[in-house]
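Please read the structure below before turning to the comments.
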Amino acid sequence: MLIAVDKVRAAAGDGKREYRVEELAEAAGITTRTLRFYRERKLLQAPRKEGRIAWYGEEHLARLRMIGELLERGHTLGGITELIGAGESGRDVAGLIGLEAAIVAPWSDETPVRLDWDELKTAFGDQLTEENVAESIAQGYIAVEEDGITHVSRRLMDATTELVAEGVPLSAVLEASRRTREHVDAIAEIFIEVVSDHVLSALATDTPLPPGEAARLTERVMRVRPLARTVADAQFTLAMDRRVHAEYEELLRQRRENGSEA
């Protein structure tokens, strides 16, 4: 039957399976639209043409499955394009994968914590207002569910409840959190600029990395990451020393003035 011939087409008599566009997409578990998008992005090799029919082989299916696996591992399409280009030009694909993994690896090791509404009411009482909940959501720290909330960081949640227990209004804690986030975002941007300009500058060009360079850059990224946290922590503690002493001196000055007036 003609349909059977189409379904089990052999390439040049070597017995290898060939697929039409729809068949390849089905075998890879994607849509034909996605497949064509990959073709446009040059993620997929050109098919074998026979008249107006495009025939794809097992190598195309393997490529699509590799793309799917890399996407599941968190790689971007741009990164996958670079990896595929590296493989086709004989460069170290494993080294590039390791470099991308080092760059995008999470910095935080925060543990989420879940609290039901009774626990939240016990911790915050009448301060658990719609406004405070909305502010927490806006800052991206909590997800509200029907029977409670999930906070992205147990440490931040514990600090919040302890500050409220010490008499700091929840609204003030949230305002301090918002302002702090603005500053730490700026600090993170500074570190990103330094690393991009002086550690990973080779990635900003179209020139292929020489052999072994991806592995070397990966090692540099892994050495720089803890240094960034050390600098940020040291700068913060030194700033706290300066501010605490300045505020205390101002408090003493005010008390002396008040005492002399009395």
Label corresponding to Rg and Dmax of the Cα atoms in Å when calculated from the structure given, among [x] 18.8, 58; [y] 18.9, 54; [z] 28.7, 109: [z]
Calculated [θ] (222 nm, deg cm²/dmol) that DSSP helices of n ≥ 4 give over the chain, each run adding -39,500 (n - 2.57): -21000 deg cm²/dmol
Amide H contacts of residue 153 (H built 1.01 Å from N, under 5 Å, at least 5 apart or other chain): 113
R0 of 22 Å, Cβ-Cβ distance residue 236-residue 189: FRET efficiency to nearest 0.05: 0.85
The chain, accessible surface, carbon-and-sulfur percent (1.4 angstrom probe): 56 percent
Förster radius 35 Å - calculated FRET efficiency between residue 139 and residue 77 (Cβ-Cβ, nearest 0.05): 0.70
Accessible area in square angstrom per residue, the chain, 1.4 angstrom probe: 68 Å²
Cα-based Kirkwood hydrodynamic radius, the range 114-159, one decimal, Å: 10.7 Å
Spatially near lysine pairs across the chain, Cα under 26 Å, sequence gap of 8 or more or different chains: 5
Radius of gyration and Dmax over the Cα atoms of the range 158-228, both given in Å: 19.5, 59
Low-density loop cleavage sites - GluC sites (Glu not before Pro) in the range 154-256, where at most 10 other Cβ are within 10 Å (DSSP): 166
Solvent accessible area, Å² - residue 192, 1.4 Å probe, full protein context: 90 Å²
Charge-dipole axis of the chain as Lys and Arg at +1 and Asp and Glu at -1 on Cβ define it, positive-most pick from 152, 187, 85: 85
Förster-model FRET efficiency, 45 Å R0, residue 58 and residue 103, C-beta, rounded to 0.05: 0.90
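The values are calculated or read from the model by the stated rules, or taken from the named source; none is laboratory data. Please read all numbers here as calculations on a predicted model, not as lab measurements. No Cβ is skipped: glycine too gets one built from the backbone with ideal geometry, and neighbour counts run over all protein chains shown. Each accessible area value is taken on the protein alone, full model and side chains, heavy atoms only, with ligands, DNA and RNA left out. Shrake-Rupley method; radii C 1.70, N 1.55, O 1.52, S 1.80 Å.
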